[in-house]
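Worksheet: one structure, shown below.
The values are calculated or read from the model by the stated rules, or taken from the named source; none is laboratory data. Just so we're clear, the structure is a prediction, and the values are computed from it rather than from any experiment. Glycine gets a Cβ as well: all are built from the backbone with ideal geometry, and neighbour counts include every protein chain shown. When the accessible area is computed, the model is the full protein with side chains, heavy atoms only, and any ligands, DNA or RNA have been set aside. Shrake-Rupley method; radii C 1.70, N 1.55, O 1.52, S 1.80 Å.
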Amino acid sequence: MTEERIGVYVCHCGSNIAGVVDVEGVAEWAREALKDRGVVIARDNKFMCSTLGQELIENDIEKEGLTRVVVAACSPHLHEGTFRTACQRAGLNPYLCELVSIREHVSWVHKDKAVATQKAKAIISGGVERVALHEPLEPLHVPIHSSTLIVGGGIAGIQAALEIADSGYPVYLVEREPSIGGHMAQFDKTFPTLDCAACILTPKMATVGSHPNINLLTWSEVEQVDGYVGNFTVTIRKKARYVNTDLCTGCGICEEKCPKKVVDEVFEAGLGYRKAVYTPFPQAVPKYPVIDVDNCTYFEKGTCKACEKFCPTGAIDFEQEDEVIQVEVGNIILATGFDLFDARRISQYGYGRLANVFTSLEFERMCNAAGPTNGEIVLRDGVTKPESVAIIHCVGSRDKNYNNYCSVICCMASLKFAHLVEERTGAEVYNFYIDMRTAFKDYDEFYQRVLEEGAHFVRGRVAEVTDAARMPGEEGKLIVQAEDTLIGKQRRIPVDMVVLAAGLEPRHDSKEVAHKFGISCSANGWFIEKHPKLDPVATMTEGIFIAGVAQGPKDIPASVAQGAAASARVLGRIQQGEIALEPVRASVIEERCSGCRICNNLCPFNAISFDEEKKVSVINAALCQGCGTCVAACPSNAITGTQFSNEQVLAQLNGLLMLNVANGHGAVTEAERVPA
């Protein structure tokens, strides 16, 4: 018999719980069957999370002198904070409240009302046994450093950096390429307004480059992240440009005089050339070039040095080395973007084998006035304009053989391509689609516009793109073989050019980046958010936020919005000056620790280190998220979790098995047993 005075509150959740569980009967049972276990009051309410439901708990704490509270409702992920706050308002330590789930664990997974009711009783019984052993806790208060690290210089990272810097706080913006701008800098137009991508992006890039609160670190990569929310120490490698940026004026003479031309596989997507010393594009920020050591004649043979000879300021420095710096930041935003699906993987579409099959990114560069064809839409020969063009949607997306998810932007990008082809060449355009997804503002209107312009739409997945002619009129053409599901027939459509709307994929190193920053990736490789609906920019690691396509496929407006949202979360932390962390953490009992280090590599949050002097593992409470992995793995039983001690877990198990009721009221009847 416990000395605690426990109140039990059972929520109907409308009909979510009450439709399957006899809520009133459960509350009555708890009042009678668990009174010897400390329950002094048990109530039911239609919506415990409502203001009236919370006030019910507060009044009972004050009037009945409750020392513990159990709320049987929905998942703790949703309303644990709500009920803890209600307890705190009534003067009870918030960590003396236990929320048990009888919605997700009972009513949503059972149809038999009798079984569901018995299971709800068992879960409440376990919660009562557990809460009696709870200890009052206080949050951990951690100061927040005012600087922020943003990784990724695409549109999401740029937006986040400007929001924070404009608020007066310092930002480190790290980008692995020579210039910021990301994929958006490669585009010609943006849907649905057909704004020039460079025209709306480059002003923001220029602002970032000249902002007094932004330390721009391009051609750089994060190597290591140590510390915890509010106090991260980040090691960054600034790769050698072999150009002294203090002397360089960005005049471009080095690039002009360089005799070595190579195919630009990155910015020009393989359609154009660049020099061995180069800036990716004319509006690049910063303006300083880099030397490609893999293709530079000097690094290959030790000769040439044309760039050094012609540089008017003597900025070329072949002896320059990588620089490793450390910065202190309070929060980190990851906006690392995406990779394009490699269309060569779908061999039947002919990319890389048939000359006039292009990817969507190649087509973007072709349409761009600053691109390799000066905005002319032409075949691979660089001269001939196509008279017919096929655009294939969902290449690598919505396909169980590759990526099962929708890449979000492909339909609208394909419609944009159809408009540009009609506008610049007058060619016949065929869109091969599975479903047309134009869900956001002005998107469907753009679809209607393209229909009115005369584009043809064929609903059905393309089976093959071939150059093997079988019918008159197919000679010298690419033939698109597809089923048109709207007319129920197979079609062979000869065209001059095929554009593959390749899907979006996580960055090739997304899992390594996630591990470095102590966050998780989904099975597809996208960074996992704290909650997909209620907290899409935070992660399970405090102080690490995500924005843009790194979190999942999205268009430019959504990326900008998410970058701004992440920065707003960071600014809130900075302006508070400190953050209160959940005190549910693991701790090491040093006397039991054998120094085996098994826990060190298992921690998903990199919270455990090894003290070489004491030869024991040490847990950083600010990094620990209380997941319990180390507690379960420790062979010496040397790690314990706050509020998850062996005594608490065993007590809850006894309650779940109804052993507490059996001991207090005789044997449990068959009707009271919980089915396996």
Mean separation of Cα contacts under 8 Å (at least 6 apart) over the residue count of the range 253-310, i.e. the relative contact order in percent, is 36
Semi-axes of the range 253-310 from the Cα gyration tensor (sqrt of 5 times each eigenvalue, largest first, whole Å) come to 19, 14, 9
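How big is Rg to Rh over the range 1-127, alpha-carbon atoms, Rh as the Kirkwood inverse-mean-distance radius? Provide the component values of the computation, followed by the final result.
On the way: Rg = 13.2 Å, Rh = 14.1 Å.
Result for the range 1-127 is an Rg/Rh of 0.94.
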For the range 339-505, averaging the sequence separation of alpha carbon pairs under 8 Å that lie six or more residues apart and dividing by its residue count, the contact order in percent is 30
Amide H neighbours of PHE545 at under 5 Å, excluding residues fewer than 5 places away on the same chain, with H built from the backbone geometry, are ILE332, ILE333, LEU334
Diffing the range 202-213: the Karplus 3J(HN,Hα) column from phi (6.51, -1.76, 1.60, θ = phi - 60°), in whole Hz with x for Gly and Pro, holds 5, x, 5, 4, 4, 5, 4, x, 10, 6, x, 9
For LYS113, counting only lysines whose alpha-carbon sits under 22 Å away and dropping same-chain residues fewer than eight positions off, the answer is LYS46, LYS121
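Ignoring ligands, DNA and RNA, what accessible area per residue does the range 585-641 give at 1.4 Å, in Å²? Working shown, then result.
Working: 2980 Å² over 57 residues.
On a per-residue basis, 52 Å².
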Looking only at aspartates and glutamates whose Cα falls under 13 Å of LYS275's and that sit 8 or more positions away or on another chain, we get GLU255, GLU256, ASP264, GLU265, ASP292, ASP294
Measuring from its Cα centre, the chain shows a charge dipole (+1 at each Lys and Arg Cβ, -1 at each Asp and Glu Cβ) which, in debye to the nearest 20, is 840
Among LEU271, GLN224, ALA315, the residue whose Cα sits farthest towards the positive end of the charge dipole of the chain, when +1 is placed on the Cβ of each Lys and Arg and -1 on the Cβ of each Asp and Glu, is LEU271
For the range 127-135, in residue order, the Karplus 3J(HN,Hα) values (coefficients 6.51, -1.76, 1.60; θ = phi - 60°; whole Hz; Gly and Pro = x) are x, 5, 5, 5, 5, 5, 9, 5, 10
The ³J(HN,Hα) series, computed from each phi in the range 98-105 with the Karplus coefficients 6.51, -1.76 and 1.60 at θ = phi - 60°, rounded to the nearest Hz and given as x for glycine or proline, is 10, 9, 10, 8, 10, 9, 4, 8
Mean Cβ-within-10 Å packing, highest first, puts peptides 592-600, 174-182 in the order 174-182, 592-600
Once amide hydrogens are built 1.01 Å from N within the peptide plane, the residues lying 5 or more places from GLU428 or on another chain with amide H under 5 Å from its amide H are SER388, VAL389
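Given the peptides 561-569, 471-479, arrange them by the average over their residues of other C-beta atoms within 10 Å, most packed first.
561-569, 471-479
Give me the orientation-averaged projected area of the Cα convex hull of the range 175-292, in nm², one decimal. Working shown, then result.
Numbers: hull surface 38.2 nm².
Here the figure is 9.6 nm², rounded to one decimal.
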Partner aspartates and glutamates whose C-alpha sits under 14 Å from that of LYS441, ignoring same-chain residues fewer than 8 away, are ASP555
Compactness summary of the range 2-46: radius of gyration and Dmax from Cα atoms, Å, are 11.1, 35
Convex hull around the C-alpha positions of the chain: the volume in Å³ per residue is 206
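Considering Cα pairs under 8 angstrom that are at least six residues apart, work out the relative contact order of the chain and quote it in whole percent. Present the calculation step by step, with values, prior to reporting the outcome.
Values: 1433 pairs, mean separation 93.9, N = 676.
Relative contact order, the chain: 14 percent.
Exceeding 24 Å between C-alpha atoms, which entries from my cross-link table qualify? They are LYS35/LYS119; LYS260/LYS309; LYS261/LYS477; LYS63/LYS119; LYS189/LYS533; LYS260/LYS287. Show your work: numbers first, answer last.
Details: LYS35/LYS119 19 Å; LYS260/LYS309 15 Å; LYS261/LYS477 32 Å; LYS63/LYS119 30 Å; LYS189/LYS533 30 Å; LYS260/LYS287 20 Å.
Those over the limit are LYS261/LYS477; LYS63/LYS119; LYS189/LYS533.
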Output for the range 585-641 (equivalent-ellipsoid semi-axes, sqrt of 5λ from the C-alpha gyration tensor, Å, descending) is 15, 12, 10
Taking the convex hull of the alpha-carbon atoms of the range 339-505 and averaging its shadow over every direction gives an area in square nanometres of 9.8
Taking 431-438, 542-549, 147-154, 575-582 and ranking on average Cβ neighbours within 10 Å, highest first, one gets 542-549, 147-154, 431-438, 575-582
Non-local residues with an amide H under 5 Å from the amide H of GLU483, with H modelled 1.01 Å from N and Pro and chain starts lacking one, are ARG461, ALA463, ARG491
